[in-house]
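Structure first, commentary second.
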Amino acid sequence: MSTPSFGSDELAQFRRTFFEECTELLADLEERLGALVAYSSDIEGLNAIFRAVHSVKAGAGAFGYTVLVGFAHRFEALLDRLRDGKAELDERTLTALVAAADVFSALVDLARQGETPADDFGADVAEELSALLDGETRLAAAPSAATCVPTQAASEDRTYRIVFRPNAELFRHANEPLYLIRELKTLGSLAIDCDLARLPPFEAFSPEDSYLGWTMTLRSSSSPADIAEVFEFVDDECELVIEDIATAPTEPEVTAPPPLQEVAKAEATDAPSEGKPSEIKTSDTKTTGKTGSISSIRVDLYRVDRLVNMVGELVIAQAMLAQQFIESRKQDDPGALQGFEHLAGLTRELQECVMAIRMQPVKSVFSRMPRLVRDVGHKTGKDVRLEMSGEQTEVDKTVIEELADPLTHMIRNAVDHGIEDAATRLAAGKPAGGVIRLSAQHAGSNILIHVEDDGAGLDRDRLLAKAIDKGIVPASAKLSAEEIDELIFSPGFSTAAAVTDVSGRGVGMDVVRRNVQALGGRVQVMSTPGKGTRFTLVIPLTLAVLDGMVVAVGWEKYILPLTSIVESFRPGRGQIRVVPGGGEVVSIRGEFVRLIHLARVFGVSEAVADPCQGLVVLIELANGSKLGVVVDELIGQQQVVIKSLQDNYDPVPGISGATILGNGRVALIVDIEELTRLYDRSVRIAEATRLPVAANA
Amino acid sequence: MPRKILTVDDSRTMRDMVSYTLRGAGFEVLEAEDGVKALGVLANTRVDLIITDINMPNMDGVTLVKRVRAGGSHASTPILILTTESGDDRKASGKAAGATGWIVKPFAPEKLLSVVNKVCPA
Amino acid sequence: MAEPQDIPNSGPDAAAAQARQFISFRVGDDEFAIDIMAVREIKGWTETTVLPNQQDYMLGVLNLRGTIVPIFDLRCRFGLGLTTATRSHVVIIVAIGGRLLGMLVDAVSDILTVNAADIRPVPDVDQPIDNAFLAGIIPVGDSMVVLLSLENLFANHGPANAAIAA
């Protein structure tokens, strides 16, 4: 055991982190100790103090602060006994703990300042700790290098016979004989003989058990202890004999357990030698990376989130102020107007800078996919190649985290269901191996991700049959090709003819769509029979802000995402048609668009019921279809900071999030993709209560 | 494809040192600061090796090892416990819970890598 | 969208089990209490933003220094009708399982220090309030205060359940 040979730059960085952490740990320790003194026995408090001391000790060991380690060791030992109930927390012990905390803290300070404490520093307290430990002073004795394993100067080759017979349970701990044998091979030349005698008849064979044994001959200059170390993790799970047959043929065989335990102990008591400069030397050039100045700093994510939030609030405040200014009709004051414009520009720039802090390349998610493709390809027996592009495209960190699941699912699906098996492909005149393309690119304030395969495309006949079978669409339904493709996003729809162990059961593309929508994005599918399928994800670059339109409905205010809004208008009487079944459409430029009253969907009373008295906001949905949302009036356009409702509550259908308006009130952000579904249901319920039977849906 | 390792430690210093060493050797490293968070990570991500500290708030390393071994996607994933020089009995309890092996703190980077390679070679 | 893990909590209550503190409050003519450890803040009633299609006892959400907090009408949760909230009504913000929520009550009464041994089980008698919401009875002088089970009160306040049931 030696002081880690990290490069000096890294070591300095780790040391900084260590002392930062020490400050936190010591503060916590102080607080807990105070509580312990005030309220006496509290096992959780003791645990926390123990952990603080233990953490400091572990770090101190890494940097070679021997005196600190020695002291921490005693302190920790006493705490350990206290929490195990082996020692009593009486007045004397409590006094000692408080004194120990002071010494401990002082030692940390000295280490921080790079000073070596005097030999007798805190000796009285250390002695008191030892006394309380019932004279267990040996615990505290700083182990010296002399207790190291006596390394036999073995320069010449010796020949060992090694018998290694693992118990049946070996695999339970994820140990792998093959790796051990490979490691032995690195020590010298190895001849291996495998013993199959314990292999049971097939019907008694348990794949989780280990049956094989090995007898090996190793020619190596290593000591028996070195060889025993190879087996250090399995010594209690095997029969192990290590015999030096060439140089000491008459010696009794060395069975594993005794020497191994010795090795373990020797290693265990081998404390770090006091920061020997020779050990921090640049012997390890591969870990000594950059030597220049620090080009990045570590910042607690919490601080970044706070910064993002604060800037978000600033954006809100600025927007409100500008709104009020415009409404106050003082635009004739050119100085003020210019000031407001400047402020708006600065605010936006500041916000972009802050957002950029959280931006990360999608690479961290993309990089998981090649392995997935390989694994699934292997399981399904398909030869599939993954081509990726745009890995460096940046998106908000929180978005990246949420991308992993949908992407994994889509890629898995593409391999499992999209790409045909080799025979089918060859028959269709395609190369035997399939290709999946995964790409990312920016598009405005969105990131565009494509998952594309060159497989068979969606089987529309089967999709439709299944949807009818499951009652998702009526048997008489006439659907366009696109509408049929859309069916794969229906809840509870699984496209695989048979449930495979790769794609599993229960989770379908509906979950992908939900996940993507939760990110404020949308997912579309495009499929060409025989040529392949392409999924497109459009996801906002950040979850933190949204350009919204504030609308009033009755007493409530809602926010509609600006990106989906085409236009707003007050329809004339002649533009509105009532369709059979009670629905309404509005005619605009020759197109009939379905109307949805926000007040009805959300159950808001005292709202404008007549579209010709209120306003229609024309919205384009992810699938390209249009919708007219009826509201009372538009309040104004505003960039809003998105707050999650789900931190403290459950998802609310039709609401994707919330924001806080300039007056401190909460306003809800409307999930427009959900509106039609909700509206259909509210209409159905309304009709069901009005009419005894609703015939055609 | 780099192998993926989850390091679990409540000490940022230790996490940093472990991660730095492993990343330098080409591993992909995920971090968690206690057993509960580690289980959260494991529920979503498949890793090739878990390296865990013993003394942690919320859920300690031994309990984590037991939970992982109890079943699920990582029941047969190698797990190394990080233990201090005084931790002989900890090694034993970690081993009993189902750990694959251990690394003694403080560790030299070379030692860490050699132990990692021993239970989860490329 | 991972479910919150159940965090094994050896908690402070193990050792300090003997004496616990509760905050007591009034709803109608009855006194109720909850563990003071769960209470984060007590504030006067202000108008909430109504969430669509929720249970009637779910009053909407409030902005608590930048955090969106759902507010529930405790009287209505007990099935005793909606509270006509005024400025003199009180919202107790509590933390349950890592989430914050507010309970609208009539008024906060007192802080009680009670020995765990003195908390009586809830008698199995017919009463207007669902037994599952009650965690015990604390005798105070001649009268009694009903200890509530926050977990059960708000275990299934999910709008999803409400919507599907509708």
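Among the criteria (1) touching a residue at least 60 places away in the same chain (Cβ under 8 Å); (2) within 14 Å of chain B (Cβ to nearest Cβ); (3) under 30 Å from A:ASP9 (Cβ atoms); (4) open to solvent by 10 Å² or more (accessible area, probe 1.4 Å), the one A:SER105 does not fulfil is (2). Restricted to the stretch A:622-646, and to residues that are modelled with pLDDT under 90 and touching a Ser or Thr at 6+ places or on another chain (Cβ under 7 Å), which residue is most open to solvent (accessible area, probe 1.4 Å)? It comes out as A:ILE642. Within the stretch A:439-465, track down each residue that is surrounded by fewer than 19 Cβ atoms within 10 Å (Cβ to Cβ), in a strand (DSSP E or B) and modelled with pLDDT of 85 or more. Answer for the stretch A:439-465, where residues must be surrounded by fewer than 19 Cβ atoms within 10 Å (Cβ to Cβ), in a strand (DSSP E or B) and modelled with pLDDT of 85 or more: A:SER439, A:GLN441, A:LEU448, A:HIS450. Pairs meeting the criteria (first residue in the stretch C:6-34 and over 17 Å from C:SER143 (Cα atoms), second residue modelled with pLDDT of 50 or more and of a type in the set (Ser, Thr, Tyr), beta carbons under 8 Å, at least 6 apart or on different chains) are C:PRO8/B:THR63; C:ALA15/A:SER41; C:ALA16/A:TYR39; C:ALA19/C:THR113; C:ARG20/C:THR113; C:GLN21/C:THR113. Among all positions in the stretch A:38-47, there is no residue which is modelled with pLDDT under 80 and open to solvent by less than 10 Å² (accessible area, probe 1.4 Å). A:ALA427 fulfils the conditions (1) touching a helix residue (DSSP H, G or I) at 6+ places or on another chain (Cβ under 7 Å); (2) loosely packed, with under 15 Cβ neighbours inside 10 Å except for a single criterion, (1). Beta carbons closer than 9 Å, at least 6 apart along the sequence or on distinct chains, pair a first residue in the stretch C:40-53 that is facing another protein chain (nearest Cβ under 8 Å) and in a strand (DSSP E or B) with a second that is open to solvent by 40 Å² or more (accessible area, probe 1.4 Å) and modelled with pLDDT under 90 for C:THR49/A:ARG665; C:THR49/C:ASN63. If you go through the stretch A:17-44 and keep only what is aliphatic (A, V, I, L, M) and more than 12 Å from chain B (Cβ to nearest Cβ), you end up with A:LEU26, A:ALA27, A:LEU29, A:LEU33, A:ALA35, A:LEU36, A:VAL37, A:ALA38, A:ILE43. Being of a type in the set (Phe, Trp, Tyr), crowded, with 16+ Cβ neighbours inside 10 Å and more than 12 Å from chain B (Cβ to nearest Cβ) is not true of A:PHE14. Scanning the stretch B:66-109 for residues that are part of a helix (DSSP H, G or I), open to solvent by 30 Å² or more (accessible area, probe 1.4 Å) and at pLDDT 85 or above yields B:LYS66, B:ARG67, B:ARG69.
Of all residues assigned to the stretch A:579-594, none qualifies as being within 30 Å of C:GLY66 (Cα to Cα), away from chain C (no Cβ under 12 Å) and part of a strand (DSSP E or B).
Taking every residue in the stretch A:646-673 that is acidic (Asp, Glu) and pairing it with any residue that is in a loop (DSSP other than H, G, I, E, B), at least 6 positions away or on another chain, the pairs with Cβ-Cβ distances below 8 Å are A:ASP650/C:HIS157; A:ASP650/C:GLY158; A:ASP671/A:PRO653; A:ASP671/A:GLY654; A:GLU673/A:LEU621; A:GLU673/A:ALA622.
Do we find a residue being of a type in the set (D, E, K, R) and touching a residue at least 60 places away in the same chain (Cβ under 8 Å) anywhere in the stretch B:76-98? No, that holds for no residue. Number of residues in the stretch A:45-68 that are within 9 Å of chain B (Cβ to nearest Cβ), over 21 Å from A:SER8 (Cα atoms) and not basic (Lys, Arg): the value is 5. When residues in the stretch A:69-92 are screened for being assigned to a helix (DSSP H, G or I), open to solvent by less than 40 Å² (accessible area, probe 1.4 Å) and more than 7 Å from every other protein chain (Cβ to nearest Cβ), 11 of them pass. You will find that of B:GLY72, B:GLY61, B:GLY35, B:GLY24, the residue that is within 11 Å of chain A (Cβ to nearest Cβ) and in contact (Cβ under 8 Å) with a residue 24 or more places away in the chain is B:GLY24 and no other. If the condition is being more than 11 Å from chain A (Cβ to nearest Cβ) and in contact (Cβ under 8 Å) with a residue 24 or more places away in the chain, then the stretch C:58-82 contributes C:LEU59, C:ASP73, C:LEU74, C:ARG75, C:ARG77, C:PHE78, C:GLY79, C:LEU80, C:LEU82. Are any residues in the stretch B:23-63 of a type in the set (Gly, Ala, Ser) and farther than 14 Å from B:GLY94 by Cα, and if so, which ones? Selection gives B:GLY24, B:ALA25, B:GLY26, B:ALA32, B:ALA38, B:GLY40, B:ALA43. Note on the stretch C:133-157: residues that are exposed (fewer than 14 other Cβ atoms within 10 Å of the Cβ), free of Cβ contacts under 8 Å to residues at least 24 places away in the same chain and not in a loop (DSSP other than H, G, I, E, B) total 1. Residues in the stretch A:315-349 that are at pLDDT 80 or above, surrounded by fewer than 16 Cβ atoms within 10 Å (Cβ to Cβ) and under 44 Å from the mean Cα position of the chain (by Cα): A:GLY339, A:GLU341, A:HIS342, A:LEU343, A:ALA344, A:GLY345, A:LEU346, A:ARG348, A:GLU349. The residue that is surrounded by the most Cβ atoms within 10 Å (Cβ to Cβ), among those in the stretch B:1-21 that are at the interface with chain A (Cβ under 7 Å from one of its Cβ atoms) and of a type in the set (A, V, I, L, M), is B:MET17.
Taken over the stretch A:654-672, the residue count meeting the criterion of being in contact with a helix residue (DSSP H, G or I) (Cβ under 6 Å, 6 or more places away or on another chain) and either crowded, with 21+ Cβ neighbours inside 10 Å or hydroxyl-bearing (Ser, Thr, Tyr) (or both) is 2. Restricting B:GLY40, B:GLY35 to those that are at negative phi, crowded, with 20+ Cβ neighbours inside 10 Å and at pLDDT below 90 reduces the list to B:GLY35.
Quick check, is B:ILE50 within 19 Å of B:MET14 (Cβ to Cβ), at the interface with chain A (Cβ under 10 Å from one of its Cβ atoms), open to solvent by 10 Å² or more (accessible area, probe 1.4 Å) and not hydroxyl-bearing (Ser, Thr, Tyr)? Answer is no for this residue. If only residues of the stretch A:643-672 that are in a loop (DSSP other than H, G, I, E, B) and aliphatic (A, V, I, L, M) are counted, the one that is farthest from the other protein chains (Cβ to nearest Cβ) is A:LEU661.
Within the stretch A:52-81, being touching a residue at least 24 places away in the same chain (Cβ under 8 Å) and within 32 Å of the chain's Cα centre (by Cα) holds for A:ALA52, A:VAL53, A:SER55, A:VAL56, A:GLY59, A:ALA60, A:GLY61, A:ALA62, A:PHE63.
The values are calculated or read from the model by the stated rules, or taken from the named source; none is laboratory data. All of these numbers come straight from a predicted model, not from anything done at the bench. No Cβ is skipped: glycine too gets one built from the backbone with ideal geometry, and neighbour counts run over all protein chains shown. Accessible surface is based on the protein model in full, side chains and every heavy atom, while ligands, DNA and RNA are left aside. Shrake-Rupley method; radii C 1.70, N 1.55, O 1.52, S 1.80 Å.
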